[in-house]
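Here is the structure we will look at, set down as structure tokens.
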Amino acid sequence: MKIARFLFVICALGTVHAQTPARDQAPVPVPTGTGGLQGIVVDETHQPVRHALVTIKGGMGLTLAAVTEEDGAFSFTGLPAGRFTITAEKTAYPSSSYGAKRANRPGAGVLLTTGQTVSGLVLTMPRGGVLTGTVYDEHGQPMPDVPVMAWEVRPALTGDRTLDFPATGGVSVTTDDRGIYRVFDLPAGEYTVGTAWFYSGLPRAVRVPTDDEIRAAFAASQQPGRAVGAATGLTASGPAPTPAPTPPAYNYAAVFSPGVVDPFVANVVQLGVGEERTGVDIHMQFIPMPAIKGVVLSPDGTPTGAEMALARHSRVQALNSSSFWSSSDGTFTTQSLPPGDYTIRATTRADPTHPALWASADVRLAGVDPATVTLRLEPAVNVAGRVVFEGATPPAPADVARVSIGLRDYRNANIVQPINADSSGAFAIPGVVPSSYRLIGGMPASAPNTPATWMLKSLVVDGRDVTDLAFDIPPGGLSSFVLTYTDQVSELAGSLVDKDGHPATDYFVIIMPADERYLAPLSRRISSARPDVTGHFLFRNLPPGEYRLAATTDLVQSDLQNAAILAQLAAESMPLTLGFAEKKSITLAVGR
């Protein structure tokens with residue numbers, strides 16, 4: 001059988017669309033050469049995987065694809081020199097890459113020299129696992145049309161055990177008319193099964209009438225001439241009595257197997273390669289689900305519309321936030337919410353005549369009654385400061401104005417739009433909502449594709465050094481924000497060698513802080529690099545401190561936010577100390 005082969009060319013500036021190129025735009029040349037890659041795709045039992053789609057990616061946006069033959073073989077010819085990743089895909093199999101230890105990961109790839117053909121490659125593609133079961137309602141009857149997904153159990157950078165989308169993404173399946181769901185394509189790992197991240201119960205909560213309301217309704221229908229309002233306590237001859245408390249509203253809560261609202265007490269399934277686990281049932285909970293009701297007021301007390309954000313205090317980030325708008329009269333009502341702690345926030349954006357406004361309230365839902373809040377807006381705060389440069393040759397004013405200063409809300413990951421300093425180094429960020437933040441942004445390179453010549457030395461807030469740490473912006477704002485940059489840039493250069501002392505190229509090199517305070521999302525102290533064809537790698541702009549250096553053939557960017565993976569890498573790493581502006585060179589041996 002002849003191998004079907006497809007060619008895709010991707011421009012460095014984005015995907016090439018099917019349209020006529022601009023008259024002055026030269027077509028992107030397709031990289032070619034005389035090299036080749038040949039191999040076979042097998043499953044976990046070493047049996048050929050036929051008709052799998054094998055894709056290779058190289059430099060300059062080169063992407064080629066082929067379908068495996070009956071014996072699982074694939075072949076690519078006419079390849080230029082360079083590094084190529086090889087990935088295989090097929091329904092019922094998680095995506096697998098050559099050199100990766102687990103599914104849905106890029107792998108280290110293969111390095112080709114000019115004219116070289118690498119043959120005998122074996123890409124193992126284990127069959128995916130399956131989780132299946134039945135979703136039951138509160139009466140034990142099968143419940144159709146419920147979105148279900150498998151949540152992967154993993155530790156966060158904080159060390160807490162948490163749930164997250166699996167490597168396949170937040171993909172959900174819907175129960176059929178028998179209430180049965182089936183999630184497949186799952187790599188081996190730990191999972192819990194629950195309703196999908198977007199599930200919020202019935203569109204409208206159900207309020208069960210009280211016995212008094214039912215009796216009053218029947219009495220009104222049996223007494224001609226009596227006002228219909230009598231069913232609700234109104235009469236034509238006198239004022240209405242004090243109304244009884246509103247009965248609780250019921251709805252289906254988001255649940256996890258076997259039927260719990262708290263995901264951290266849910267059943268955890270250890271799924272093996274290609275294993276099918278049946279009977280992972282879910283029992284829905286039809287329970288009182290209160291809401292948060294309220295009104296948003298402008299600073300003068302006038303009701304006003306606002307953008308609303310609701311954050312649930314949970315370690316499962318995917319379940320934490322939602323957004324909506326209050327009505328033009330300022331009123332709002334959230335959807336049904338399970339018991340727990342929440343923060344609700346209202347904001348309005350600045351315009352030429354009004355500043356940005358904000359209001360926030362912490363709410364605990366513990367009973368059946370809705371929580372009522374009044375959010376009175378107040379002006380958002382300003383963060384002002386300056387950028388200072390320490391170096392032999394200060395940057396030109398035009399380069400100073402390229403410094404970007406942004407803030408990332410440490411509690412809910414919202415980002416304040418970065419702004420640039422002026423040519424003197426002064427900056428002001430308006431409309432900041434008081435919270436806990438980390439600094440984002442920095443000094444860009446002086447020219448495209450060149451390393452930065454300045455690095456952040458320190459961040460001082462109200463006289464306290466908070467470099468690479470979280471800091472609070474109080475309701476009064478901040479005006480003593482000082483970023484100091486230095487041209488004394490650190491460098492950690494190294495060589496990666498195998499057990500025989502030869503250059504090792506099929507690895508990722510990872511550096512991470514030894515101090516757990518710096519284990520935070522998007523930390524500049526956590527980074528990875530790929531060795532070049534000679535095994536050399538380089539890290540720049542690292543702050544001084546204690547670090548761990550490790551190497552692996554199996555890495556994706558999300559691993560740098562995964563505490564368990566970082567801990568595994570740290571256990572097989574070498575320690576090192578990097579001083580301020582130090583230029584250090586090391587050799588890291590692998591495979592021993």
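The values are calculated or read from the model by the stated rules, or taken from the named source; none is laboratory data. Quick caveat, the model's predicted, so the values are computed rather than measured. Note that each Cβ is placed from the backbone with ideal geometry, even for glycine, and that neighbours are counted across all protein chains shown.
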Restricting to region 539-585, what's the tally of residues that are closer than 21 Å to L522 by Cβ and of a type in the set (V, I, T)? 3
For the condition under 16 Å from the mean Cα position of the chain (by Cα), assigned to a loop (DSSP other than H, G, I, E, B), of a type in the set (S, T, N, Q) and at pLDDT below 95, what is the one hit in T162, T158? T158
Could you give me the residue pairs with C-beta distances under 8 Å whose first residue belongs to region 480-492 and is of a type in the set (D, E), whose second residue is surrounded by 22 or more Cβ atoms within 10 Å (Cβ to Cβ) and modelled with pLDDT under 90 wherever it lies, and which are 6+ apart or on separate chains? D487/W454
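Let's see how each residue does on (1) without any contact (Cβ under 8 Å) to a residue 12 or more places away in the chain; (2) surrounded by fewer than 16 Cβ atoms within 10 Å (Cβ to Cβ):
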| site | (1), (2) |
| --- | --- |
| V261 | no, no |
| V269 | no, no |
| T278 | no, yes |
| P288 | no, no |
| A291 | no, no |
| G294 | no, no |
| D300 | yes, yes |
| T304 | no, no |
State which residue pairs qualify: first residue under 14 Å from A401 (Cβ atoms) and inside region 417-435, second residue basic (K, R) and in a loop (DSSP other than H, G, I, E, B) in any location, beta carbons under 9 Å apart, and separation of 6 or more residues or different chains. N420/R402; A421/R402
For A550, the lone unmet condition from (1) touching a residue at least 60 places away in the same chain (Cβ under 8 Å); (2) part of a strand (DSSP E or B); (3) closer than 17 Å to P513 by Cβ is (1)
Meets criteria (within 30 Å of T174 (Cα to Cα) and not charged (D, E, K, R)) for T91: yes
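Scan region 88-95 and give yes if some residue there is in a loop (DSSP other than H, G, I, E, B) and hydrophobic (A, V, I, L, M, F, W, C), otherwise no.
Within region 88-95 (the criterion being in a loop (DSSP other than H, G, I, E, B) and hydrophobic (A, V, I, L, M, F, W, C)), the answer is yes, since at least one residue qualifies.
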Checking P513 against (1) touching a residue at least 40 places away in the same chain (Cβ under 8 Å); (2) in contact with a Lys or Arg (Cβ under 6 Å, 6 or more places away or on another chain), which test does it fail? (1)
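Just for strands (runs of 3 or more DSSP E) wholly inside region 255-369: which have at least 3 residues that are touching a Ser or Thr at 6+ places or on another chain (Cβ under 8 Å)?
Of the strands (runs of 3 or more DSSP E) lying wholly inside region 255-369, those with at least 3 residues that are touching a Ser or Thr at 6+ places or on another chain (Cβ under 8 Å) span 292-297, 307-312, 340-348, 357-365.
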Go through T85, T63 for me and flag whichever is in the same structural domain as A108 (by TED's automatic domain parsing), surrounded by fewer than 17 Cβ atoms within 10 Å (Cβ to Cβ) and either part of a strand (DSSP E or B) or in contact (Cβ under 8 Å) with a residue 12 or more places away in the chain (or both). T63
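A quick yes/no check of all residues on (1) in a strand (DSSP E or B); (2) at pLDDT 90 or above; (3) charged (D, E, K, R):
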residue: P394; (1), (2), (3): no, no, no
residue: R408; (1), (2), (3): yes, no, yes
residue: R411; (1), (2), (3): no, no, yes
residue: L439; (1), (2), (3): yes, no, no
residue: S446; (1), (2), (3): no, no, no
residue: T484; (1), (2), (3): yes, yes, no
Restricted to region 306-335, and to residues that are in contact with a Leu (Cβ under 8 Å, 6 or more places away or on another chain) and polar (S, T, N, Q), which residue is surrounded by the fewest Cβ atoms within 10 Å (Cβ to Cβ)? S323
Check region 463-470 and report whether any residue there is outside any loop (DSSP other than H, G, I, E, B), of a type outside the set (F, W, Y) and more than 24 Å from D559 (Cβ to Cβ). yes
Scope region 553-566; condition out of contact with any Lys or Arg (no Cβ under 8 Å at 6 or more places or on another chain) and under 27 Å from D498 (Cβ atoms); matching residues: Q557, D559, L560, I565, L566
Among (1) modelled with pLDDT under 90; (2) among the hydrophobic types (A, V, I, L, M, F, W, C); (3) in the same structural domain as A150 (by TED's automatic domain parsing), the one test that I282 misses: (1)
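Could you tell me whether A167 is farther than 14 Å from V269 by Cβ, of a type in the set (G, A, S) and in contact with a Ser or Thr (Cβ under 6 Å, 6 or more places away or on another chain)?
Details: farther than 14 Å from V269 by Cβ: yes; of a type in the set (G, A, S): yes; in contact with a Ser or Thr (Cβ under 6 Å, 6 or more places away or on another chain): no.
Considered against the rule, which asks whether it is farther than 14 Å from V269 by Cβ, of a type in the set (G, A, S) and in contact with a Ser or Thr (Cβ under 6 Å, 6 or more places away or on another chain), A167 comes out as no.
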Whichever residue in region 458-479 is without any contact (Cβ under 8 Å) to a residue 40 or more places away in the chain and of a type in the set (G, A, S) and, among such residues, is surrounded by the most Cβ atoms within 10 Å (Cβ to Cβ): S458
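For region 383-392, give me the residue count where each residue is modelled with pLDDT under 90 and buried (at least 17 other Cβ atoms within 10 Å of the Cβ).
0
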Does T132 count as surrounded by fewer than 19 Cβ atoms within 10 Å (Cβ to Cβ), of a type in the set (S, T, N, Q) and in a strand (DSSP E or B)? yes
